[in-house]
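Peer 1: Shown below is the structure under consideration.
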Amino acid sequence: MVDRKLRLRRGVEQHNSKFNPRFRLKGEEEKTSMQEPVVLTRTVEISGNETAGYRINKYTRTMPGDTVGFSNTTAGKVSIQFPVHEIFGQGSLELEAAGVPGSDKSLTVMADAAIGNYSYSAFCHKGGKFAVGGSMPIIIINPKDDR
């Protein structure tokens, strides 16, 4: 019975060591990969109209080095303001109306962006209203991982 428990425990440790270096077993070497790191693109979409109101993703999860795309599907220009400039290296972004060049743009999260939650705003010029996502939209920057 003791041998079975030991084998089960060792199996859990081996499984966890693949995902978390803290669980690496004695003598187990760190494996390195020659692959390029995967960079993800998250997309924030601003939609709606002046009658029904404007909507935006409630939150967007990302990591340093990832790309965040912003897409305007409304009939008017949208101004996005980032109170913390260190996220993307700039404080604002202008998107043209849907169907016009410049309605979709991307920004890359700075490699040294601090981990945390950052609120921002998207103002829709045609209706003179802010886009909402249940509350003020936020960008969540998670720690970089080995993807």
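Peer 1: How many nm is it between the label spots at residue 112 and residue 85, if each spot is 7 Å from the Cα in line with the beta carbon?
Peer 2: Inter-label distance under the simple model: 1.5 nm.
Peer 1: Further, regarding this structure: Hey, rough spin-label estimate for residue 75 and residue 140, points 7 angstrom out along Cα→Cβ, what's it come to in nanometres?
Peer 2: 3.5
Peer 1: Post the alpha-carbon centroid distance, region 114-147 to region 74-107, in whole angstrom.
Peer 2: Comparing the Cα centres of region 114-147 and region 74-107, I get a distance of 12 Å.
Peer 1: What spacing in nm lies between the two simple spin-label points modelled at residue 126 and residue 94, each 7 Å away from Cα in the Cβ direction?
Peer 2: That separation, rounded to one decimal, is 1.8 nm.
Any read-out appearing in this document is the output of simple, stated calculations on the displayed coordinates, not a laboratory observation. This structure is a prediction, so every number in the text was calculated from the model and none was measured. Every residue, glycine as well, gets a Cβ built from its backbone with ideal geometry; the counts of neighbours run over all protein chains shown.
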